[in-house]
Amino acid sequence: MTEFDLQQVDHLLTTTRAVRKRLNLEKPVPRELILDCVRVSTQAPAGGNYQKWRWVIVDDPEKKRVIAEAYREAYAPYIDQQKGAVASKAPENSTIGKIISSSDYLAEILERVPILAIPCSLGSPEDMEGGLGGGTQGWWGSVLPAVWSYMLAARARGLGTAWTTLHLRYARRVGEELGIPESVTQLACIPTAYYTGDDFRPGTRKPAESVTYWNHWKDTEI
């Protein structure tokens, strides 16, 4: 039986945070290091073992600018709505205030991040509609674990990441710039860079006991 250092494993899993303000914009990330992360991601589970994921890794400044402009175009109305919803109850130093501040920062500097990783999948969720295998939920469940595995592998190698999806509103525009066929679905944009400062801490979460039900919805009794 293989023995794992559970303390290290749990630390990795609980401290892989969304990194925005602490992305190192000046230090290049070697392509081989990114390939290491992709190699790990390809071991993620996939329905039928079809392995439909593909990765478009963007380090060209002009192509990153196109992605960043699409992101900002989608971000502006989205964040205005969020700020309006919480303005009366979220001071700047609150958790949501800090998230908004760091999100603003990422939108401003996105094209300066050394690597923008675009995970993709062959086909689309509509391919599974009305069929067997869990429908669209099964489709997404077969491709998104690979993205999380990439982020965990990056964290283990001293890289910070953030899961973003706002550019997808203009996926066709970005796809044309990157040569991504319309038959391929973009899943996210993962800014990837070395991070500054020290380690990360686990986030504040609800206790496992309050979100775990035993044999029946809302039954939390062990």
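Coordinate-derived values only; no laboratory data. Please read all numbers here as calculations on a predicted model, not as lab measurements. Glycine also receives a Cβ, built like all others from the backbone with ideal geometry; neighbour counts cover every protein chain displayed.
Ordered by the count of other Cβ atoms within 10 Å of each Cβ, fewest first, Met1, Met151 give Met1, Met151.
With each label modelled as a point 7 angstrom along the Cα→C-beta vector, the Glu62-Ile222 pair spans 6.0 nm. Volume per residue for the stretch 124-217 equals 175 cubic angstrom (convex hull of Cα atoms). The trypsin sites (Lys or Arg not before Pro) found in the stretch 1-83 include none that occupy coil by DSSP while having at most 11 further C-beta atoms within 10 Å. Estimated from helices alone, the mean residue ellipticity of the chain at 222 nm is -13000 deg cm²/dmol (sum of -39500 (n - 2.57) over DSSP H runs with n ≥ 4, per residue). Helices of the chain meeting both criteria, an alpha-carbon length of 18 angstrom or more along the long axis and an average Kyte-Doolittle score not below -0.5, with helices taken as full DSSP H segments, are 95-109, 144-156. From most to least packed by mean Cβ count within 10 Å, the peptides 203-211, 111-119 give 111-119, 203-211.
Let me spell out the model: positive unit charges on the Cβ of Lys and Arg, negative unit charges on the Cβ of Asp and Glu, origin at the Cα centre of the stretch 1-145. What dipole size does that give, in debye rounded to 20?
320
Extending 7 Å from the Cα toward the beta-carbon at both Phe200 and Thr15 defines two label points whose distance is 1.1 nm. If R0 is taken as 25 Å, the Cβ-Cβ distance between Tyr78 and Val211 corresponds to a FRET efficiency of 0.40.
Just to be sure I follow the definition: excluding the sites themselves, where is the longest run in the chain that has none of the chymotrypsin sites (Phe, Trp or Tyr not before Pro) in a DSSP loop with at most 11 other Cβ atoms within 10 Å? Write out the running numbers ahead of the final one.
On the way: sites that count: Phe4, Tyr213, Trp214, Trp217.
That gives 5-212 as the longest site-free run.
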